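The values are calculated or read from the model by the stated rules, or taken from the named source; none is laboratory data. Computed from a prediction, not measured in an experiment: that's the story for all the values here. So basically every Cβ, Gly included, is an ideal-geometry build from the backbone, and we count neighbours across all protein chains shown. What goes into the accessible areas is simple: the full protein's heavy atoms, side chains included, and nothing from ligands, DNA or RNA. Shrake-Rupley method; radii C 1.70, N 1.55, O 1.52, S 1.80 Å.
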Amino acid sequence: MNIKSLLLGSAAALVAVSGARAADAVVVAEPEPAEYVRICDVYGAGYFYIPGTETCLRVGGYLRYDAGFGDIGSFDGARTNDRLTGKEQSTWTKQARFALKTWTGQETELGTLKTYTETRFNFGNQDTQDGNAHNSWSLNFAWVQLGGLRIGRDDSAYDTFSGYAGNVIQDTLVPYGGFNTNLISYTFDAGNGFSALVSLEQGSGKFSRAGTMAPADINPDWDALIDNNTIDSYVPHIVLGAKYTQGWGGVSAVAAYNSNYEEWAGKVRLDVNATEQLSLFVMGGYGTDKHIDRNFYKPWGGNWAVWGGGTFKFNEKAQFNAAVSYDEDKNLGVAANVAYTLVPGFTITPELDYVHLGKSNWTGADKKNSWGGIIRFQRDF
């Protein structure tokens, strides 16, 4: 064997050994099947399964821009001072909002497990109708529900169970209840149109809309009212309700006990679907005022108040909404708008509002009769 043969043989052996070791070191795993997002249509459109779970999730919300003008008492206008002369004058009320919403749903042996959240980010030129500063964010809803049991942050069942005061933007020209609260509630649904509710609520430190706030120097009761809506002991506020709904409409009743002031209040409501285009409602409220004139569940003036209105659908794109409200203190509110869907998901709503002050000035207005207007641009997704 010569040197040349020896070198060639050694090189071949090294190549063979290196190849064997390289082959042994490289292990190619079998690709796992990708789990693509699956549509979940059990709870409606927009839901999908969270990968690896049986929980359905939906993400949505809206982007809104409001421009208001007019008198302070209408809740649409604003006041400012001229930078050169110092003279007080009217100005626009502007607010932009982004609201992010999430929904989840899952079937369990104890019923449907749901959650809902809504977080709002606001920017405006003054305090807004929701009580937020010009640049702020707020967690407005955050609750979990199993079957009929709901726990968390929500609007008071005193308002949600029977319904809000129509489809107008300014629906609290004569206020009908406090809104933001932590609660534990249970709703029984008989399945035949009848349902009943009990809700234990904490209340909130102040009302959540300008329509239910006023300076204490205008009405001294507001000092206690604004600061003392949250419960002051282990005794919760209590809301009871019953409702019956059918294709023609429905009738509902709610009653609330304010544990802070030991006051009672209640509302009865009738909804009627007069035609396929026209729906109407009327709601009456009554509350005691033994210890305080207005409270979380009776924010109107006097013992009684009434609200009414309706919606007329011209077509798939346009509808007319109106509401009228009046209380024993002779406060009167009128609101009307046209909501026009320019393209699916984008709605423009111009509204006119009027407020007449009765015995008490709870709006902060400087005149008996206030007029205002607002135009809303909203993109829902």
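Odds and ends about this structure:
- Sequence-distant lysines (8 or more away, or on other chains) whose Cα lies within less than 26 Å of K114: K101, K243
- Against the rule of thumb 2.2 N^0.38 Å, how large the Cα Rg of the stretch 247-316 comes out: 1.40
- Relative frequency of Cα-Cα separations exceeding 18 Å in the stretch 71-174, percent: 65 percent
- Think of a 1.4 Å ball rolled over the protein heavy atoms: the stretch 236-381 then has 47 Å² of accessible area per residue.
- Heavy-atom accessible area ranking, 1.4 Å probe, most first, across T311, T230: T230, T311
- Computed with a 1.4 Å probe on the full set of protein chains, the accessible area for I292 sits at about 10 Å².
- Using equal-weight Cα scatterers in the Debye expression, the normalised intensity of the stretch 288-334 in log10 at q = 0.15, 0.25, 0.29 Å⁻¹ is -0.52, -0.87, -1.02.
- Look at the dipole of the stretch 50-124 built from charges on Cβ: of Y65, L110, N81, the Cα furthest out on the positive end belongs to N81.
- On the stretch 288-345, 65 percent of the accessible area sits on carbon and sulfur atoms, based on a 1.4 Å probe.
- Remark: accessible surface ordering of H237, H291, H356 (largest first) is H291, H356, H237, probe radius 1.4 Å.
- Taking F161, F377 and ordering them by how much accessible surface each has at a 1.4 Å probe, largest first, produces F377, F161.
- 28 Å Cα-Cα threshold exceeded, pairs from K298/K359; K87/K298; K94/K368: K87/K298
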